[in-house]
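Data first, discussion second: the structure below is written as structure tokens.
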Amino acid sequence: MDEEVRRKRVAANESLFRSLNERIEDINRAFSVATDSMSIVCECGDILCTEQLELDLATYEHVRSDPTWFVIATGHEIPDVEDVVSRHEGFDVVCKHKGTGETVAIATDPRG
């Protein structure tokens, strides 16, 4: 498979999970009043991954402030496509590399 096609596919997979998490954010907010946290689906590039992650609302909003950032389960990063920008207990935040992955991430940003 062509490397650019692969990078585009990985970014599209991550964007799909990001969109899912945005759709369920309202539900998460309703239940987060007592805990100030929410559950999301791992936004890694593996379309078969359904790992659920728990994070606080402030961190989720911080990640959503950059369309090239995604929340993934620890160890789910794909080093040739993205870099870990922060590590947390139970999850990491990754940033897409410049190029195709970055372009797809920005174009599919549900908040953009």
In segment 58-76, anything under 13 Å from residue 14 (Cβ atoms) and either in contact with a Gly (Cβ under 9 Å, 6 or more places away or on another chain) or of a type in the set (Gly, Ala, Ser) (or both) is listed as 67, 68, 70, 72, 73, 76
Can you pull out the residues in segment 41-73 that are aliphatic (A, V, I, L, M), part of a helix (DSSP H, G or I) and within 19 Å of residue 98 (Cα to Cα)?
-> 63
Take residue 26 and decide whether it is at pLDDT 80 or above and not polar (S, T, N, Q).
-> no
Considering segment 91-107 alone, what residues qualify as being surrounded by fewer than 19 Cβ atoms within 10 Å (Cβ to Cβ) and over 17 Å from residue 61 (Cα atoms)?
-> 97, 98, 99, 102, 103, 107
Flag for residue 102 being in a helix (DSSP H, G or I), without any contact (Cβ under 8 Å) to a residue 24 or more places away in the chain and over 14 Å from residue 20 (Cα atoms) | no
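Results for (1) under 21 Å from residue 2 (Cα atoms); (2) aromatic (Phe, Trp, Tyr); (3) at pLDDT 90 or above, shown as yes or no for each residue.
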{"position": "20", "(1), (2), (3)": "no, no, no"}
{"position": "41", "(1), (2), (3)": "no, no, yes"}
{"position": "46", "(1), (2), (3)": "yes, no, yes"}
{"position": "58", "(1), (2), (3)": "no, no, no"}
{"position": "63", "(1), (2), (3)": "no, no, yes"}
{"position": "67", "(1), (2), (3)": "no, no, yes"}
{"position": "76", "(1), (2), (3)": "no, no, yes"}
{"position": "90", "(1), (2), (3)": "no, no, yes"}
{"position": "110", "(1), (2), (3)": "no, no, no"}
What are the residues in segment 1-25 that are among the small types (Gly, Ala, Ser) and either more than 15 Å from residue 103 (Cα to Cα) or not in a helix (DSSP H, G or I) (or both), if any?
-> 19
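The values are calculated or read from the model by the stated rules, or taken from the named source; none is laboratory data. Not measured: the values here are computed from a predicted model. Methodologically, a virtual Cβ is constructed for each residue, glycine included, from the backbone with ideal geometry; neighbour enumeration extends over all protein chains shown.
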